[in-house]
Amino acid sequence: MADTVITYVKKYGDYTFIEKPLNDVDSLVLCQLSYLKFDGLVPSLKPRLKAVSLRQVAADKAVDALFLDKRYEESNRALFEAVCKSRRYRRLKMNYYVNHIDTEQETQFSAITFFLEGGLNFIAFRGTDETLIGWKEDFNMAFQTPVPGQRYAVDYLETVAENLPRDFCLGGHSKGGNFAVYASMSCRKEIRERIQKIYSMDGPGFLPQMLKKGEYAEIENRIVKILPNSSLVGMLFETSPRYKVVKSKSFGLLQHDPYSWLIEGDDFLCVKGIYGLRRFTDDTLNIWICSLNPEKRKLLIDTIYQVISASRAENLIELAADWKKSMTGVLTGLKEVDADTRRILISLMKDFVEMIAERLRAVRSIHKRSKET
């Protein structure tokens, strides 16, 4: 029977990183730990203090603050407890924790550096947290290059790398994966050459013009991109065929949750590729978004955020906690969208539906011709 990342830690927790070097599943463990709220528990970039151990954090009276993200509270607790009990991770040390949210700049950025036994270091960028502004920054990637969080990622990498004596790995889940790749292709050359691997766990890709700006070709063969078999987030703006597809026990968008990814032995349980219908939808969405000019993309994203913000919720927890009240605010927000904007949005949606229909006709025509021959 296939495992999850938590049962992987329990099964392989007796092996040290010297006995069994870092693998792809370990990188997911570290990326997921970056979602924990280490505020006040792990030193920040300034002032520069000694790294703290996992045991120190676990023994702190404020340890429950780690699990304030209610989306994954139960799973994050289980993962943290498994890590603390394992011989593999219990000597883990942490430093350089940053957690920055700026509503004016529309950015949510967090990162932490892990020091593993044997001298390997891993920089982990947090993905989208529960804040609405964090999701807004995700959407802004459709028209803004770079978004503030990507610039922060470069600064963080260059600052931390100066304090790391050896080569290192970096990565992240969701938006964190995008930040890891962006920072790697945009940092100084002498730092980029020290990177061993870059992990993007269902992280979105990049608009074509952004790939031309950075040194993407220099790092492409060091990127390990892992997607669930019904990926949407990780396939946004993805142009490279170099990715591994892991089987998930969930469906649809719920597969974005890495706790649903299945593991066999000490590696992911991989499948041949993204589901056919999902791949068709992903490709169509990318073609449609890229066909819009930046102004229309910005209008689309800003309007969606304006409507959701009318709920008065600051995060997804508040939005879901009293969904009736939230929906009342959302409906009010929809009414406040001006007539010109509403007409443009309706036109954009019609274009998207027509594109889906046109691509479906083309696929059916190709399929029909292949059957005839």
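The values are calculated or read from the model by the stated rules, or taken from the named source; none is laboratory data. Just so it is clear, the model here is predicted, and its values are computed rather than measured. When we count neighbours, we look across all protein chains shown, and the Cβ atoms used for this are built from the backbone with ideal geometry, even at glycine. SASA here: full protein model, heavy atoms, side chains in, ligands and nucleic acids out. Shrake-Rupley method; radii C 1.70, N 1.55, O 1.52, S 1.80 Å.
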Residue by residue, what Karplus-based ³J(HN,Hα) values in Hz, rounded to whole numbers, does region 32-47 have, using 6.51, -1.76 and 1.60 with θ = phi - 60° and x for Gly and Pro?
6, 4, 5, 6, 5, 8, 8, 4, x, 10, 10, x, 8, 5, 9, x
Extending each Cα 7 Å along its Cβ direction at residue 291 and residue 99, get the distance between those two points in nm, one decimal.
4.3
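Where the eigenvalues come from the Cα gyration tensor of region 63-166, what are the semi-axes √(5λ) of the equivalent ellipsoid, largest first, in whole Å?
Those come to 27, 20, 10 Å.
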Residue order for 115, 122 - accessible surface, 1.4 angstrom probe, largest first
115, 122
Would you mind working out the accessible area per residue for region 197-269, using a 1.4 Å probe, and quoting it in Å²?
41
Ignoring ligands, DNA and RNA, what percent of the 1.4 Å accessible area of region 146-195 is carbon and sulfur?
44
Name the residues of region 7-32 whose amide N is less than 20 Å from a point 7 angstrom out from the Cα of residue 117 along the C-beta direction?
7-31
Could you tell me the calculated FRET efficiency between residue 269 and residue 10, based on Cβ-Cβ distance and R0 = 25 angstrom, to the nearest 0.05?
0.90
From the backbone phi of region 268-283, what are the Karplus-calculated ³J(HN,Hα) couplings (6.51 cos²θ - 1.76 cosθ + 1.60, θ = phi - 60°) in whole Hz, Gly and Pro given as x?
5, 7, 8, 10, 5, x, 5, 3, x, 5, 5, 4, 4, 5, 4, 4
Cα pairs beyond 13 Å in region 132-187, in percent, come to 61
Surpassing 31 Å at the alpha-carbon level, of the pairs 11/197; 11/46; 189/296; 61/197, are 11/46; 189/296; 61/197
Would you mind getting the accessible area per residue of region 59-148, heavy atoms of the protein chains only, 1.4 Å probe, in Å²?
38
Please give the contour-minus-distance gain from residue 65 to residue 163: 0.36 nm per residue of separation, less the Cα-Cα distance, rounded to one decimal in nm.
32.5 nm
Peptides 190-201, 232-243, 286-297: what's the order by average Cβ count within 10 Å, highest mean first?
190-201, 232-243, 286-297
Taking a ≥ b ≥ c as the square roots of the Cα gyration tensor eigenvalues, with a/c under 1.5 meaning rounded and otherwise prolate when a/b beats b/c, else oblate, which class fits region 57-101?
oblate
Taking a ≥ b ≥ c as the square roots of the Cα gyration tensor eigenvalues, with a/c under 1.5 meaning rounded and otherwise prolate when a/b beats b/c or oblate if not, region 25-70 comes out oblate
In range of the label at residue 283: residues from region 224-267 whose backbone nitrogen is under 18 Å from the point 7 Å along Cα→Cβ:
229-245
With every protein chain in place, the accessible area of residue 75 for a 1.4 Å probe, in Å² rounded to the nearest 10, comes to 40
Alpha carbon centroid spacing (whole Å) that separates region 35-53 from region 256-308
33
Please say if region 1-148 is rounded, prolate or oblate, where rounded means a/c under 1.5 for a ≥ b ≥ c the square roots of the C-alpha gyration tensor eigenvalues, and otherwise the choice is prolate for a/b larger than b/c and oblate otherwise?
prolate
Length released on extending from residue 87 to residue 56, taking residue separation times 0.36 nm less the Cα-Cα span
9.6 nm
Sorted by chain and then number, the residues having a modelled amide H within less than 5 Å of the amide H of residue 223, at least 5 places away or on another chain, are 198
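Could you work out what % of the accessible surface of region 14-88 is carbon and sulfur, using a 1.4 angstrom probe and leaving DNA, RNA and ligands out of the count? Mind showing how you got there, number by number?
Details: 1940 of 3720 Å².
That fraction is 52 percent.
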